[in-house]
Amino acid sequence: MLQVKNLSISFKTNSGLFKAVNNISFDLKKGETIGIVGESGSGKSVTSLAIMRLLNARQTAINGQVMFNDTSLFDLPEQNMRHIRGNRIAMIFQEPMTSLNPVLTCGFQLTEAIQLHLGLSTVEAKKKTIELFNEVQLPRPEIIFDSYPHQISGGQKQRVMIAMALSCNPEILIADEPTTALDVTVQKAIIELLLNLKATRCRSLIFISHDLGVIREIADRVLVMYKGEIVEEASVTDLFTNPRHPYTKGLLACRPSPNQHLKKLPVVADFFDATSNVSTQWATIESIRALYHYPDAEIAERKNELYQQQPLLKIDKLSTWFPINPGLLGPSGQVVKAVNNVSFDVYPGETLGLVGESGCGKTTLGRTILRLIEPTAGSVSFEGTDLGKLKKNDLREIRRDIQIIFQDPYSSLNPRLTVGQSLMEPLQVHQFYTNNTKRKQKVLELLQRVNLLPEHFNRYPHEFSGGQRQRIVIARALALQPKFIICDESVSALDVSVQAQVLNLIRELQQEFKLTYIFISHDLAVIKHISDRMMVMNQGQIVETGYPDDIYYRPKQEYTKNLIASIPQG
């Protein structure tokens, strides 16, 4: 159905052409699923955008051919391409938070595409949209139809994007990280949905993901991309049982393993020297993981040290309820109990993991603790101070000690400020250091600490990859030398190799600066790796609390058992 021949893509920059994709070729057969894996910046998304002809022609130089059913897509007039794009070849984009129009309702954005391509009436298009929302397991589809993107969770936005891509029954579906923002149970349902579509409608699928566990479940054949080139191509069985290229071994090893205790996660550099392109021939996945083994005796010793202390943070019967607008979403008096009667303690130097499905109240809980959202009831006590009783100026003072790393690094950075300005701003607000020269020096030290370069100081957020942006917001959270940080899905949007680097960095920074974390994630494997204790949240309540091994191997609640069963194996 699709042939990519000798495709090369270069971007025009002030210093000349930057080659993002270098002479790659592959075929996609009818009914086949190709998985494409690789680090951030390896050329995966750029390749898919080139196939869709969504790259700016004035800023890119593209060579090669893309043939769709013997038609050259690069030779088609734009008017003809519009009949193919979205209708016969559809795409699920990587970042739903920036791909959906914030001033249009979710339902309108789907019905618009359905009416444009299928010619249905408004009533018929709405009916089909509700059916699609049900198909991708969106809760309360009629309500979400009239909701704006900011009114639904990140995972729900991703499902809206998936529904939009499926709306016209495309012959080829390009899925660019379609399950990144989804919790494991919905991820499993979406994978089953895509596999069912392929089986029943003979649709072909290009599935781009950083999660090799997901690739293992859905793909027939896998392409591994590195620096714009395909370094390995194999059937999914061969790739997982006998990876040949050291870069592939590194990707397979980076993923947190729920069955192993590791002090740090392996990274690609353990297997592959990227500067000299020399492989570490002796390195196997098992040998590297053995080097980073975390002995049970050390884990027990850490527990004893942590839990003999007084709690740093005490949450007592905390609730956050949101009223439902009676004129739009339901009868008067109804509320959404996003957080409902939650109590727990956090100890100095601890990492407390918080896991649960999208929409269960994890992010609302984190923001309520910091009083970014005002609670309905209950109290939050930090070092003996009740945060709910503090006035605005006193709260600003204590915010130096409590910080948050937001879920989406792109939207939490001001696009009009350079990275240096964004990092200096909190130092200026809280009057750290005597002048901007000293503040700049501190910012340069922070950039270096999160493995970025001094020249990044004057660059803007859009000039960085997702992994680099995440490190920038970590540096900003560290700028005021806080005692306590809430990490809200801080690695969920990262490819597996960068995720490993960031998780290692978070643990290193904890040891260096004596930090305390609440680490929020929908990924149970990540939570199990990073946490000293973990809590499972469902429908606004904490349903299970305990040590990671106890919850993973001896779960008490049916909900927890379902979460564990949904973890991709790979």
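The values are calculated or read from the model by the stated rules, or taken from the named source; none is laboratory data. The shown structure was predicted, so the numbers you read here are calculated from the model rather than taken from an experiment. In this analysis, Cβ positions are derived from the backbone assuming ideal geometry, glycine residues included, and neighbour counts consider all displayed protein chains. Calculation scope for accessible area: heavy atoms of the full protein, side chains included, ligands and nucleic acids excluded. Shrake-Rupley method; radii C 1.70, N 1.55, O 1.52, S 1.80 Å.
Residue 43 - would you say it is small (Gly, Ala, Ser) and open to solvent by less than 10 Å² (accessible area, probe 1.4 Å)?
yes
Considering only residues of the stretch 375-398 that are touching a residue at least 40 places away in the same chain (Cβ under 8 Å) and not aromatic (Phe, Trp, Tyr), which is most open to solvent (accessible area, probe 1.4 Å)?
383
Could you list, in sequence order, all residues of the stretch 490-528 that are within 17 Å of residue 358 (Cβ to Cβ) and open to solvent by 10 Å² or more (accessible area, probe 1.4 Å)?
Scanning the stretch 490-528 gives 492, 493, 522, 523.
Whether any residue in the stretch 145-161 is closer than 24 Å to residue 81 by Cβ and part of a helix (DSSP H, G or I) is what I want to check.
Checked against the condition, which is being closer than 24 Å to residue 81 by Cβ and part of a helix (DSSP H, G or I), the stretch 145-161 yields at least one hit.
So which residues in the stretch 293-308 are outside any loop (DSSP other than H, G, I, E, B) and either touching a strand residue (DSSP E or B) at 6+ places or on another chain (Cβ under 6 Å) or not hydrophobic (A, V, I, L, M, F, W, C) (or both), if there are any at all?
293, 296, 298, 301, 302, 303, 304, 305, listed by residue number.
Go through (1) of a type in the set (D, E, K, R); (2) more than 27 Å from residue 95 (Cβ to Cβ); (3) open to solvent by less than 80 Å² (accessible area, probe 1.4 Å) for residue 440 and report which single condition fails.
(3)
Test of understanding: among 31, 16, which residue is modelled with pLDDT under 90, surrounded by fewer than 15 Cβ atoms within 10 Å (Cβ to Cβ) and farther than 25 Å from residue 466 by Cβ?
Sole residue among the options that is modelled with pLDDT under 90, surrounded by fewer than 15 Cβ atoms within 10 Å (Cβ to Cβ) and farther than 25 Å from residue 466 by Cβ: 31.
Take the stretch 362-399 and flag every residue that is assigned to a loop (DSSP other than H, G, I, E, B) and in contact with a Ser or Thr (Cβ under 8 Å, 6 or more places away or on another chain).
373, 374, 375, 376 - these are the residues of the stretch 362-399 that are assigned to a loop (DSSP other than H, G, I, E, B) and in contact with a Ser or Thr (Cβ under 8 Å, 6 or more places away or on another chain).
Return the only residue of 125, 175, 163 being in contact (Cβ under 8 Å) with a residue 12 or more places away in the chain and in contact with a strand residue (DSSP E or B) (Cβ under 6 Å, 6 or more places away or on another chain).
That would be 175, the only listed residue that is in contact (Cβ under 8 Å) with a residue 12 or more places away in the chain and in contact with a strand residue (DSSP E or B) (Cβ under 6 Å, 6 or more places away or on another chain).
So, residue 560, is that one under 17 Å from residue 313 (Cβ atoms) and crowded, with 19+ Cβ neighbours inside 10 Å or not?
The answer is no for residue 560.
It is to be established whether one or more residues within the stretch 331-347 are more than 24 Å from residue 511 (Cβ to Cβ), among the β-branched types (Val, Ile, Thr), open to solvent by 40 Å² or more (accessible area, probe 1.4 Å) and within 27 Å of the chain's Cα centre (by Cα).
For the stretch 331-347, residues more than 24 Å from residue 511 (Cβ to Cβ), among the β-branched types (Val, Ile, Thr), open to solvent by 40 Å² or more (accessible area, probe 1.4 Å) and within 27 Å of the chain's Cα centre (by Cα): present.
Give the residues of the stretch 18-39 that are small (Gly, Ala, Ser) and farther than 17 Å from residue 232 by Cα, sorted by residue number.
20, 31
Can you report the number of residues in the stretch 13-40 which are touching a strand residue (DSSP E or B) at 6+ places or on another chain (Cβ under 8 Å) and outside any strand (DSSP E or B)?
6
Which residue is modelled with the highest pLDDT, if the candidates are limited to the stretch 279-311 and must be touching a helix residue (DSSP H, G or I) at 6+ places or on another chain (Cβ under 8 Å) and among the aliphatic types (A, V, I, L, M)?
288
Where in the stretch 73-134 are there helices (runs of 4 or more DSSP H), lying wholly inside it, with at least 1 residues that are touching a Pro at 6+ places or on another chain (Cβ under 7 Å) and open to solvent by less than 50 Å² (accessible area, probe 1.4 Å)?
Filter on the stretch 73-134 gives 106-118.
For residues in the stretch 400-416 being hydrophobic (A, V, I, L, M, F, W, C) and not in a strand (DSSP E or B), which is nearest to residue 318 (Cα to Cα)?
This residue is 406.
Looking at 191, 152, which is the one that is under 16 Å from residue 358 (Cβ atoms) and open to solvent by 10 Å² or more (accessible area, probe 1.4 Å)?
Matching residue, one of 191, 152: 152.
Could you grab me the full set of residues in the stretch 394-447 that are closer than 20 Å to residue 459 by Cα and of a type in the set (Asp, Glu)?
408, 425, 445
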